[in-house]
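Take a look at the structure below.
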Amino acid sequence: MADDHQILREGLKALINAQPDMEVIGEAKNGRVLLTLVRQLIPDVVVMDVSMPELNGFQATERLKQMAPQIKILTLTRFSDDSYLKRLLQAGASGYVLKHSASSELIHAIHVVMGGHIHLDSTMMSSLAEDTIPLRSANRPITKNNLSSREEEVLRSVASGYANKETAARLSISIKTVEAHKAKAMQKLGMTSRIDIVRYAILVGWALDI
């Protein structure tokens, strides 16, 4: 858990530790301390703010996903600007919750990302969903039938926050095969980034808890 406000960290720790299946195993006041703790403790989920000294949430997310791609990252922030959401999803975050949300929303989000899914704050959905309009208006209709079954499995895994190595293990195929299916699927659908994959998941109704 990382946030530069001690009072908030203490409140979050009390909330999370009150859950029967959760425990806070480390706290960080900035992004650099967070990276050190993650190396030592290897948590399942990291809950962190965007605005932090040393390394901010974007930088910390990118480095964490490079260092330990299996760790799920849940952003807890006051920023409702969709540009923050898109940058964090692109960096590899699995969830985005606003600080003014109910405490139950955070607990639910932690369960969701632990289950390998994406969780977005409900108030952020409309802006991200609107960005699927260009996909709808492509020359070729965008449907799941454009993809082979294996390509769909790979895209679902990527949209849910799994790295190529994790996807390969889940599907019992090589990393090179994952990369090939991913590249071919993205080419078919005119995609260039993970954001496009998440938008597509929204468009076709894949169960990502978003």
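Read-outs throughout are calculated quantities, based only on the coordinates presented, and are distinct from any laboratory measurement. A quick note: this is a predicted structure, and the numbers were derived from the prediction, not measured. Virtual Cβ from ideal backbone geometry, glycine too; neighbours counted across all protein chains shown.
Couplings 3J(HN,Hα) of region 172-187, computed from phi: 6, 10, 7, 5, 4, 5, 4, 4, 5, 5, 5, 5, 5, 5, 5, 5 Hz, in residue order, whole Hz [Karplus 6.51 cos²θ - 1.76 cosθ + 1.60, θ = phi - 60°; x for Gly and Pro]. Comparing Tyr162, Tyr96, Tyr84 in a Gaussian network model of the chain (Cα springs below 10 Å), the most mobile by mean-square fluctuation is Tyr84. When Thr167, Thr77 are sorted by how many other C-beta atoms sit within 10 angstrom of their C-beta, beginning with the fewest, the order is Thr77, Thr167.
Between 0 and 90 degrees, the angle of helix 6-17 with respect to the longest Cα principal axis of the chain falls at about 70 degrees. In the chain, the calculated helix contribution to ellipticity at 222 nm averages -15500 deg cm²/dmol per residue, counting -39,500 (n - 2.57) for every DSSP H run with n ≥ 4.
With respect to the chain, whose longest principal axis is taken over its alpha-carbon atoms, helix 82-91 is tilted by about 80°. Springs join every pair of Cα atoms under 10 Å in this Gaussian network model of the chain, and among Ile71, Ile173, Ile195 the largest mean-square fluctuation is at Ile173.
Which loop trypsin sites (Lys or Arg not before Pro) in region 1-85, with loop taken from DSSP, have no more than 16 other Cβ atoms within 10 angstrom of their Cβ? The qualifying sites are Lys29, Arg78.
Between Asp81, Asp49, Asp21, the residue with the greatest mean-square fluctuation in the GNM of the chain (Cα pairs under 10 Å linked by springs) is Asp21.
Run the paramagnetic zone check for Leu41: 7 angstrom along Cα to Cβ, then residues of region 1-28 with backbone nitrogen under 11 Å. Under 11 Å, as judged by backbone N against the label point of Leu41, lie 1-3, 13, 23-28 of region 1-28. Considering only Cα-Cα distances, which of the following residue pairs are longer than 32 Å: Lys99/Lys188; Lys86/Lys165; Lys65/Lys99; Lys99/Lys182; Lys99/Lys184; Lys13/Lys184? From Lys99/Lys188; Lys86/Lys165; Lys65/Lys99; Lys99/Lys182; Lys99/Lys184; Lys13/Lys184, over 32 Å: Lys99/Lys188; Lys99/Lys182; Lys99/Lys184; Lys13/Lys184. One compactness figure for the chain is 1.02, namely its Cα radius of gyration divided by 2.2 N^0.38 Å. Estimated from the Cβ-Cβ distance and a Förster radius of 25 angstrom, the FRET efficiency linking Asp4 and Ser83 is about 0.70. Remark: the Glu105-Val24 segment gains 27.4 nm on full extension, using 0.36 nm per residue and subtracting the alpha carbon distance.
Which FRET efficiency value, to the nearest 0.05, do you get for Lys13 and Thr192 by plugging their Cβ-Cβ distance into 1/(1 + (r/R0)^6) with R0 = 30 Å? Could you put the intermediate results ahead of the total?
Values: r = 39 Å, r/R0 = 1.31.
Approximately 0.15, to the nearest 0.05.
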